[in-house]
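The values are calculated or read from the model by the stated rules, or taken from the named source; none is laboratory data. Keep in mind that this is a model prediction, so the values were computed, not measured. Every residue, glycine as well, gets a Cβ built from its backbone with ideal geometry; the counts of neighbours run over all protein chains shown.
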Amino acid sequence: MFISGFTIVRNAVKYDYPIKESIESILPLCDEVIVLVGNSEDETLALIESIGSEKIKIHHSVWDDRLREGGKVLAIETDKAFKLINPKADWCFYIQADEVLHEKYIPVVLNSMRECLNLKNIDGLLFEYRHFFGNFNYLASSRSYYRNEVRIIRNNPEIHSYQDAQGFRKNGGKLNVKKSGAQIYHYGWVRHPAVMEEKIKSFHQLWHSDAWIKEQESLNQNFDYNDLDDVIPFLDTHPKYMHGRILEKNWAFKPAFNRKGRSLKKLMLFWIEKQTGIRIGEYKNYKLI
């Protein structure tokens, strides 16, 4: 069984993406990891090179900054990276630049890939998500955060990155997937507030025009982590690759909830989910088999 990893990255140092940790976390599972480095304004390339693994295959790309709708450029770049994978690969592990796999899940994921290898009706494997928010001690528990996503897919040219590269589709249809039994730790909302502010402004450029961004008053204010629905304490361990980054944390965060924007409907839906584990109206970009 040949396993390829793949990812895209741009300006990882400038916007404090844990891309080094992301790649390191899947290296033990993979025979190769394709890293497609976009045209950056910082030392992103040197950061990737510093990992020093012969498994890593670095390629270069120039992002089309004219694409300003729906995060389409992210899917285009992801598809570029996917096409660079070794043709003999059976499974392909897609990891985003702010996602990390805990080492405790390596045997779990490997076993799932082996079990599904000859089940040709299975297109991919599904992962649960843990979204860290504010700092490394809290998890977002709001309905705004997706609970599952596909991160392992077959090496099939009929599969493509979907919309803003959050998931995948096969010939336009949802993938048939099995649960991987593992979780992805998502650190997209754990940065110094000043860096987070700049990252959000940059990210909006992938979705909206300059005029729209200029009109958004909230984007011109200091970023505030306390504008949130709900978080819960994180009482488990982080992936070992994140320990150094966590020790360097240099900002304070103490949850202070903002309830003003929560309608009665949202409160009811949130209560039902807390009591039953069922998320009414949940969007699922996959078919669980």
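General remarks:
- Total residues in the range 230-262, condition at pLDDT 65 or above, assigned to a loop (DSSP other than H, G, I, E, B) and small (Gly, Ala, Ser): 2
- Among residues of the range 180-216, those that are charged (D, E, K, R) and either in contact with a Pro (Cβ under 8 Å, 6 or more places away or on another chain) or closer than 28 Å to Ile246 by Cβ (or both), counted: 5
- Counted residues, the range 47-64 - those being surrounded by fewer than 13 Cβ atoms within 10 Å (Cβ to Cβ), charged (D, E, K, R) and under 15 Å from Ile8 (Cα atoms): 1
- For Leu125, the conditions (1) buried (at least 21 other Cβ atoms within 10 Å of the Cβ); (2) within 19 Å of His243 (Cβ to Cβ) all hold with the exception of (2).
- Checked against the criterion of being outside any strand (DSSP E or B) and over 20 Å from Ser22 (Cα atoms), the range 187-194 has at least one qualifying residue.
- All conditions but one from (1) in a strand (DSSP E or B); (2) closer than 17 Å to Tyr15 by Cβ apply to His160; the one that does not is (2).
- Applying the condition of being charged (D, E, K, R) and more than 25 Å from Arg154 (Cβ to Cβ) to the range 65-86 and asking which residue is surrounded by the fewest Cβ atoms within 10 Å (Cβ to Cβ) yields Arg66.
- When Ala182 is tested against (1) at pLDDT below 90; (2) not in a loop (DSSP other than H, G, I, E, B), exactly one condition is not met: (1).
- Of all residues making up the range 175-199, the number that are over 23 Å from Gly5 (Cβ atoms) and surrounded by fewer than 18 Cβ atoms within 10 Å (Cβ to Cβ): 6
- Within the range 3-58, the set of residues being of a type in the set (Gly, Ala, Ser) and more than 19 Å from Gly244 (Cβ to Cβ) comprises Ser4, Gly5, Gly38, Ser40.
- Positions within the range 87-101 being in contact with a strand residue (DSSP E or B) (Cβ under 6 Å, 6 or more places away or on another chain) and either surrounded by fewer than 16 Cβ atoms within 10 Å (Cβ to Cβ) or not aromatic (Phe, Trp, Tyr) (or both), in sequence order: Ala89, Cys92, Ile95, Ala97, Asp98, Glu99, Val100
- Verdict on Lys72 being among the charged types (D, E, K, R) and either under 17 Å from Glu32 (Cβ atoms) or touching a Ser or Thr at 6+ places or on another chain (Cβ under 7 Å) (or both): no
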